[in-house]
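Structure record follows, encoded as structure tokens.
The values are calculated or read from the model by the stated rules, or taken from the named source; none is laboratory data. All values reported here derive from a predicted model rather than from experimental measurement. Please note: Cβ atoms are built from the backbone with ideal geometry, for glycine as well, and neighbour counts cover all protein chains shown. To get the accessible areas, we keep the full protein, side chains included, count just its heavy atoms, and leave off ligands, DNA and RNA. Shrake-Rupley method; radii C 1.70, N 1.55, O 1.52, S 1.80 Å.
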Amino acid sequence: MTYSLSDDRFILGGRSFSSRLLVGTGKYLSFPLMKEALEKSGAEIVTVAVRRVNLDRSSESLLDYVDTKRFTLLPNTAGCYTAEDAVRTALMGREAGLSDWVKLEVIGDPKTLFPDTEALLSATRTLVKEGFTVLPYTNDDPIMARKLEDAGAAAVMPLGAPIGSGMGIQNPSNIRIILESVSVPVIVDAGVGTASDAAIAMELGCDAVLMNTGIAGAQDPVAMAEAMKLAVQAGRIASKAGRIPRQMYAAASSPLQGISR
């Protein structure tokens, strides 16, 4: 049967989505520009940093520019360096009415922004017990990915490269092993710089891609948002279609068998 993108739903946390591109709301030059880029991306899930948003809505907030009837909010714990702080931030976001979903970040180093996986695992266990749908940002370690799944994570989100680096997928072999090691969705999070990076992530077999800087930091964020949408779709289709095997030597497009000489 021929693969159909329109019939291929992305199931995450018990909910169904048509888009496999998740996008962030930070780093845009203006809220109107952010709104336009979000709409062009075709995404249905957008991340919001709990600690960087005006929750009481006493002044202009990025939440004024996100249509919550169209987009599912995914609060994140960006800026948290301990499990306790991340848990507290997630609870604060839920109390403010954002969501009981959380993109869980526990940063271990301010220079690389690599995750503190020990604290991440602890916070995941706590938030799952608190009734959250937990989507943890982690490194590209298959062992930790499995531990996070065992802790109740609804997905695992390994980095492709350091946050905001734009370096693309640096360790595709580990991503492949993670895909073999867990049964929950695998979402590449961090490091995507351009459309080809997103396509590679999907061609590897990942379920989705999450990005912010790759769109918001582009010279034309709105155009890049559309490019990322198309790249994720193309990569998904290619993954399902099945690429030809790699081989050392040429193989004629028109076989020589049956050709008279």
- Message: Kirkwood hydrodynamic radius, the stretch 59-211, all distinct C-alpha pairs: what's the number in Å?
- Response: 15.6 Å
- What does the helix-only formula give at 222 nm for the chain: each DSSP H stretch with n ≥ 4 adding -39500 (n - 2.57), the total divided by the residues, and the result rounded to the nearest 500 deg cm²/dmol? -10500 deg cm²/dmol
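Can you pull out the trypsin sites (Lys or Arg not before Pro) in the stretch 107-212 that DSSP calls coil and that have at most 10 other Cβ atoms within 10 Å?
Numbers: sites: Lys111, Arg125, Lys129, Arg146, Lys147, Arg176; in loops: Lys111.
Sparse-neighbourhood loop trypsin sites (Lys or Arg not before Pro): Lys111.
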- Query: Which whole-number percent gives the relative contact order of the stretch 123-258, counting Cα pairs below 8 Å spaced six or more residues apart?
  - Reply: 18 percent
- Task: Hand me the GluC sites (Glu not before Pro) from the stretch 1-83 located in a DSSP loop with no more than 13 other Cβ atoms within 10 Å, in residue order please.
- Result: Glu60
- Message: Can you compute the radius of gyration and Dmax for the stretch 35-84, using only the Cα atoms, both in Å?
- Response: 12.2, 36
- Task: Calculate the all-directions average of the projected area of the stretch 72-147's alpha-carbon convex hull, and give it in nm².
- Result: 4.8 nm²
- Please turn the phi angles of the stretch 244-252 into ³J(HN,Hα) values with the Karplus equation 6.51 cos²θ - 1.76 cosθ + 1.60 (θ = phi - 60°), one per residue in order, whole Hz, x for glycine and proline. 6, x, 6, 8, 6, 10, 5, 9, 4
- Message: Using 19 Å as the Cα-Cα cut-off, could you pick out the over-long pairs in Lys103/Lys147; Lys35/Lys111; Lys35/Lys69?
- Response: Lys35/Lys111
- Task: May I ask you to give the percent of accessible area on the stretch 102-261 that is carbon plus sulfur, with a probe radius of 1.4 Å?
- Result: 51 percent
- Given that compact globular proteins tend to follow 2.2 N^0.38 Å, what is the ratio of the alpha-carbon Rg of the stretch 1-104 to that value? 1.17
- So what are the ³J(HN,Hα) numbers for the stretch 119-135, from phi and the Karplus equation (6.51, -1.76, 1.60; θ = phi - 60°), rounded to whole Hz, Gly and Pro as x? 5, 4, 5, 5, 5, 4, 4, 5, 6, 4, 5, 7, x, 7, 8, 9, 10
- Message: If the reach is capped at under 23 angstrom between alpha carbons, list the lysines near Lys240, excluding any in the same chain fewer than eight residues apart.
- Response: Lys229
- Task: Please express the shape of the stretch 176-261 as an equivalent ellipsoid: the semi-axes are the square roots of 5 times the eigenvalues of the C-alpha gyration tensor, given largest first in whole angstrom.
- Result: 33, 19, 10
- Task: Give me the Kirkwood hydrodynamic radius of the chain, using the inverse of the mean 1/r over all pairs of distinct Cα atoms, in Å to one decimal.
- Result: 19.0 Å
- Query: With every protein chain present, what is the per residue accessible area of the chain (1.4 Å probe, Å²)?
  - Reply: 50 Å²
- Query: Which peptide among 236-249, 191-204, 219-232 comes first, and what is the full order, when sorted by highest mean count of other Cβ atoms within 10 Å?
  - Reply: 191-204, 219-232, 236-249
- Rounded to the nearest 5, what % of the DSSP beta bridges within the chain are antiparallel ones? 15 percent
- Query: Quick one: how many Å² of Val128 are accessible to a 1.4 Å probe, rounded to 10?
  - Reply: 50 Å²
- Query: Using θ = phi - 60° and the Karplus curve 6.51 cos²θ - 1.76 cosθ + 1.60, what whole-Hz ³J(HN,Hα) does each residue of the stretch 88-97 get, with Gly and Pro shown as x?
  - Reply: 4, 5, 4, 5, 5, x, 5, 4, 7, x
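Ranked from the most accessible area to the least, with a 1.4 Å probe and all protein chains present, what is the order of Phe132, Phe31, Phe114?
On the way: Phe132 15, Phe31 65, Phe114 90 Å².
So the residues, ranked largest to smallest area, are Phe114, Phe31, Phe132.
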